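Single-structure report; data block below.
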Amino acid sequence: MDLDDLDPKRMPRHVACVMDGNGRWAKKRGLPRTEGHRAGEEALFETAKAAVELGIEWLTVYAFSTENWRRPHDEVRFLINVIADDLLTRRRDQLHELGVRIRFAGRRDWRVPKWVLRRMDETAQLTRHNKATTVTVAFNYGGRAEIVDAVRGLVAEGARPDQVDERALRRHMYLPDMPDPDLFIRTSGEYRISNFLLWEIAYSELVFLDVLWPDFRGEHLREAVREYQRRERRFGLTGEQHGEALPG
Ligand code: IPE
Ligand code: IPE
Ligand code: MG
């Protein structure tokens, strides 16, 4: 995929995505919600491929939230199977061939079946040296849970109050080496964060698209990046200061 109208010097380094709208996609077609999740897995694969082609270094996707356990039991089971069987078995080798490094973020608690954890570990292990895009699958992930877990880590370390700062907290996040997302995308026309990466998106550009996740393809990723490149990121500075700070 060539970059066409995108500015190669201003590509987001890290794109985070809330993959929403699977259920509505299925309903529109008179299909069970589970078919939406199946189609969503395909969309994720295509998006990972597009991220590699666009040279995006980090792609983080919200696959299953700490709140999603409250869905009907059968849907939860299906979702876990789609992730563990389709994504982590069938697709794993394809992603590996594309040079994708796959990682996971979330709580490894009793609710996640052992065999799923094992498969996640195997996948991470297999792809750990890959140099193209790092795809992080947020599974049993909650932004508040992550912050709580980081605080627990600090407390367990015996940190004194004056040792608690942003850098110390960051060291205890699930993936401390991951840069903050530059671009945050949510599909399906909903305008909310739903507990995704609360700490990390403090300065991300937010882009909301109307497309339902199973229809998401490389062209939608490009559309979001195009919108991102139209924004001016100021990080607290004035527009003038920011203009001066820009190279060139
Ligand atoms: C996103 O699609 C998938 C997950 C939350 C796991 P939804 O299943 O939330 O689809 P809608 O929002 O009901 O359409
Ligand atoms: C967010 O979508 C979670 C994932 C995409 C995994 P939801 O569909 O669960 O979010 P809400 O419930 O509409 O806020
Ligand atoms: Mg939803």
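Here are a few things to note about the model shown:
- Most mobile listed residue (20, 85, 162) in the chain, GNM with C-alpha springs under 10 Å: 162
- Formal net charge of residues neighbouring residue 14 (Cβ-Cβ distance under 10 Å; K, R +1; D, E -1): -3
- Separation of alpha-carbon centers, region 7-52 and region 107-140, rounded to whole Å: 19
- Taking 49, 27 and counting other C-beta atoms within 10 Å, the order from fewest to most: 27, 49
- For the chain, built as a Gaussian network whose Cα springs stay under 10 Å, the top-fluctuating residue of 83, 185, 193: 193
- Counting Lys and Arg as +1 and Asp and Glu as -1 over every other residue whose Cβ lies under 12 Å from the Cβ of residue 33, the net charge comes to +3.
- Length-normalised contact order of region 13-232 in % [C-alpha pairs under 8 Å, at least 6 apart]: 30
- Charge context of residue 205, other residues only, Cβ under 14 angstrom, K/R +1, D/E -1: +2
- Our coupling estimate for region 84-94, obtained by passing each phi through the Karplus curve with A = 6.51, B = -1.76, C = 1.60 and θ = phi - 60°, is 7, 8, 6, 5, 8, 10, 5, 7, 3, 5, 4 Hz, Gly and Pro reported as x.
- Filtered chymotrypsin sites (Phe, Trp or Tyr not before Pro), region 111-203: DSSP coil and at most 16 other beta carbons within 10 Å: 191, 199, 203
- Which listed pairs, of 27/49; 28/114; 28/131; 27/131, have C-alpha distances above 32 Å, in listed order: 28/114; 28/131; 27/131
- Remark on the chain: hydrodynamic radius 19.0 angstrom, per the Kirkwood mean of 1/r across alpha carbon pairs.
- Highest mobility in the GNM of the chain, judged by mean-square fluctuation with C-alpha springs under 10 Å and restricted to 225, 52, 155, is found for 155.
Rule-based calculations on the coordinates, nothing more; no lab input. All values reported here derive from a predicted model rather than from experimental measurement. Backbone-built Cβ (ideal geometry, glycine too); neighbour counts: all protein chains shown.
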